[in-house]
Amino acid sequence: MKERIHAIDIIRGLIMVIMTLDHSRDFLHYPGPSPVNMHTTTVILFSTRWITHYCAPTFVFLSGVSAFLAGQSRTKKELSRVLLKRGAWLILSDLLIISLLFSLDLQYHMLVLEVLWVIGFGMIILALLINAPRAVIAAIALLILFGHNALDYVRPPENEITGILCTIFLTARGAIIPLSAHRSIAELYAVIPWTGALLLGYVFGKLYQTGADARKRQKVLLACGLSFIGVFILLRMVNHYGDPAPWSVQRNAAHTLLSFLNTTKQTPSLLFFSMTLGPVMVLLALAEKFNNRVTAFFEVYGNVPYFYFIGHLCLLRVMNILLIGVKGLPFKSDGNPFVWQAQGFGFPLWAVYLFWLSVVAAFYFPCKWYGNYKRAHRRWWLSYL
């Protein structure tokens with residue numbers, strides 16, 4: 001039987017359940033103003049979007065932790081090969097599977113590069129750095145996380161090729177990169193900033209190595225988590241560095257607080273990472289003492305992240321298509337370039353919450369079965385699913 005680290009699976013499972021809410025909104029909510037537009041949003045709509053900001057940073061960070069743990073029983077050369085292969089597989093998953101589920105286009109006119117892409121490319125970068133001392137990898141991670149917002153003050157290059165490379169690796173904000181007259185790439189996640197979070201996770205992986213002191217690990221996680229939260233509060237109050245979108249006083253106290261919390265996900269800012277990774281580190285420390293039915297529930301999903309990630313998106317797309325038919329709407333796009341949606345389709349937010357809970361419930365037993373199967377078997381292909 002393969003051993004799992006319960007605290008990691010609990011937090012990853014919790015985040016995956018939250019992630020499902022965001023994707024349920026993508027596929028099933030009626031079109032409307034941006035949830036983060038302070039002039040039009042409501043507290044519940046903003047909160048529905050904001051809580052899901054924790055998903056991608058946690059996935060990327062814990063992917064780095066998992067990479068370290070995968071290296072405990074391997075040489076650096078073997079681990080490098082594993083990271084290269086898994087990284088390539090995750091990139092292909094975004095290009096072939098996620099692109100199809102989002103665009104619903106069998107001819108792949110729009111290729112989507114999303115969170116699996118940056119985790120995969122981050123693994124490839126880590127594979128190239130694997131022989132570097134842990135302190136050097138830590139320094140690179142912190143330099144990226146704390147320094148990449150300096151690019152907010154740099155004018156992007158005007159040369160076409162250089163500009164595209166900068167978009168892919170440094171500054172992507174939902175950019176469309178044309179490949180030909182009929183095909184484009186939707187670049188949603190910039191590689192380097194997100195790789196900083198993955199490298200940081202790799203450095204923190206040492207806290208979970210076999211024989212590590214649990215009390216020391218919890219103290220380090222708490223101290224680092226609270227420090228990140230402190231950085232967020234301090235720099236957000238200063239309002240000059242760490243995020244390209246400063247907060248401002250709004251029409252009421254509630255929306256002013258929303259503006260304060262409305263940090264930039266794409267490209268992920270220092271304040272975005274501080275706001276998300278800080279609480280996640282605190283939760284990781286606290287989760288080691290959790291052992292009840294609720295945490296066991298989340299652990300089921302955290303055991304099988306790739307399986308659930310792909311599976312729940314497939315179910316949501318099937319639900320989307322069936323509900324379009326039930327409503328009797330024409331199968332015609334509303335023009336969304338990232339997520340195909342039928343014109344005139346959508347449900348209010350309260351209904352989206354019900355759909356979200358139904359999707360999570362539908363996958364409980366399949367995830368539990370597959371998690372048990374993975375722990376009991378050592379077939380090579382299981383590490384990719």
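Which of the residues that make up the stretch 165-188 are in contact with a Pro (Cβ under 8 Å, 6 or more places away or on another chain), closer than 19 Å to G147 by Cβ and surrounded by fewer than 18 Cβ atoms within 10 Å (Cβ to Cβ)?
Of everything in the stretch 165-188, just one residue is in contact with a Pro (Cβ under 8 Å, 6 or more places away or on another chain), closer than 19 Å to G147 by Cβ and surrounded by fewer than 18 Cβ atoms within 10 Å (Cβ to Cβ), namely L170.
Which ones in the stretch 340-385 are of a type in the set (F, W, Y) and in a loop (DSSP other than H, G, I, E, B)?
Step one: of the stretch 340-385, the residues of a type in the set (F, W, Y) are 340, 345, 347, 350, 353, 355-356, 363-365, 369-370, 373, 380-381, 384.
Selection gives W340, F345, F363.
Between S103, S34, S93, which is at pLDDT 95 or above and either within 30 Å of Y202 (Cβ to Cβ) or not acidic (D, E) (or both)?
On the way: S103 fails: at pLDDT 95 or above; S34 fails: at pLDDT 95 or above.
Step by step, each of S103, S34, S93 is checked, and only S93 is at pLDDT 95 or above and either within 30 Å of Y202 (Cβ to Cβ) or not acidic (D, E) (or both).
Of everything in the stretch 98-135, what is outside any loop (DSSP other than H, G, I, E, B), more than 18 Å from S24 (Cα to Cα) and either open to solvent by 60 Å² or more (accessible area, probe 1.4 Å) or of a type in the set (S, T, Y) (or both)? Give them in sequence order.
L128, R134, A135, listed by residue number.
Can P330 be described as at pLDDT below 95, open to solvent by less than 70 Å² (accessible area, probe 1.4 Å), within 26 Å of L104 (Cα to Cα) and not in a helix (DSSP H, G or I)?
Details: at pLDDT below 95: yes; open to solvent by less than 70 Å² (accessible area, probe 1.4 Å): no; within 26 Å of L104 (Cα to Cα): yes; not in a helix (DSSP H, G or I): yes.
No; evaluated as a whole, the condition is false for this residue.
Taking the stretch 302-318, which residues are more than 15 Å from the chain's Cα centre (by Cα) and under 21 Å from A287 (Cβ atoms)?
Within the stretch 302-318, N303, V304 qualify.
Quick grid of which residues meet (1) in contact with a Lys or Arg (Cβ under 8 Å, 6 or more places away or on another chain); (2) buried (at least 21 other Cβ atoms within 10 Å of the Cβ); (3) among the acidic types (D, E); (4) in a helix (DSSP H, G or I):
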residue	(1), (2), (3), (4)
F27	yes, yes, no, yes
N37	no, no, no, no
T40	no, no, no, no
I44	no, no, no, yes
P57	no, yes, no, yes
L62	yes, yes, no, yes
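Here's the yes/no breakdown for (1) modelled with pLDDT of 95 or more; (2) open to solvent by less than 70 Å² (accessible area, probe 1.4 Å); (3) not aromatic (F, W, Y):
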position: A190; (1), (2), (3): no, yes, yes
position: Y202; (1), (2), (3): yes, yes, no
position: L207; (1), (2), (3): yes, yes, yes
position: T210; (1), (2), (3): no, no, yes
position: G225; (1), (2), (3): yes, yes, yes
position: G230; (1), (2), (3): yes, yes, yes
position: M237; (1), (2), (3): yes, no, yes
position: L257; (1), (2), (3): yes, no, yes
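How many of the residues in the stretch 64-97 are buried (at least 19 other Cβ atoms within 10 Å of the Cβ) and among the polar types (S, T, N, Q)?
Here the count works out to 3.
Of the conditions (1) assigned to a loop (DSSP other than H, G, I, E, B); (2) in contact with a helix residue (DSSP H, G or I) (Cβ under 6 Å, 6 or more places away or on another chain); (3) closer than 15 Å to T41 by Cβ; (4) not polar (S, T, N, Q), P244 fails just one. Which one is it?
All conditions are met except number (3).
Return the residues of the stretch 126-152 that are hydrophobic (A, V, I, L, M, F, W, C) and closer than 26 Å to P178 by Cβ; say none if nothing qualifies.
As a first pass, look at the stretch 126-152 and keep what is hydrophobic (A, V, I, L, M, F, W, C): 126-130, 132, 135-146, 150-151.
Matches in the stretch 126-152: L151 only.
Among the helices (runs of 4 or more DSSP H) contained in the stretch 251-326, which hold 2 or more residues that are among the β-branched types (V, I, T)? Before the answer, list the steps.
Details: elements: 253-261, 270-287, 293-302, 305-326.
In the stretch 251-326, the matching helices (runs of 4 or more DSSP H) lie at 270-287, 293-302, 305-326.
Residue by residue through the stretch 337-359, note down the ones that are touching a residue at least 40 places away in the same chain (Cβ under 8 Å) and either exposed (fewer than 12 other Cβ atoms within 10 Å of the Cβ) or within 23 Å of the chain's Cα centre (by Cα) (or both). Give the derivation first.
The initial filter retains those residues of the stretch 337-359 that are touching a residue at least 40 places away in the same chain (Cβ under 8 Å), namely 337-341, 345-349, 351-353, 355-356, 359.
Passing the criteria: P337, F338, V339, W340, Q341, P348, L349, V352, Y353, F355, W356, V359.
Any residue in the stretch 81-101 that is farther than 22 Å from A127 by Cβ sitting within a Cβ distance under 6 Å of a residue that is part of a helix (DSSP H, G or I)? List the pairs, counting only those 6 or more apart or interchain.
Short answer, once both residue conditions are applied: L101/L313; L101/R317.
The values are calculated or read from the model by the stated rules, or taken from the named source; none is laboratory data. Nothing here was measured: the structure is a model prediction, and the numbers come from that model. Note that we place each Cβ from the backbone using ideal geometry, even for glycine, and neighbour counts take in every protein chain shown. Surface accessibility is based on the protein's heavy atoms, side chains included, excluding ligands, DNA and RNA. Shrake-Rupley method; radii C 1.70, N 1.55, O 1.52, S 1.80 Å.
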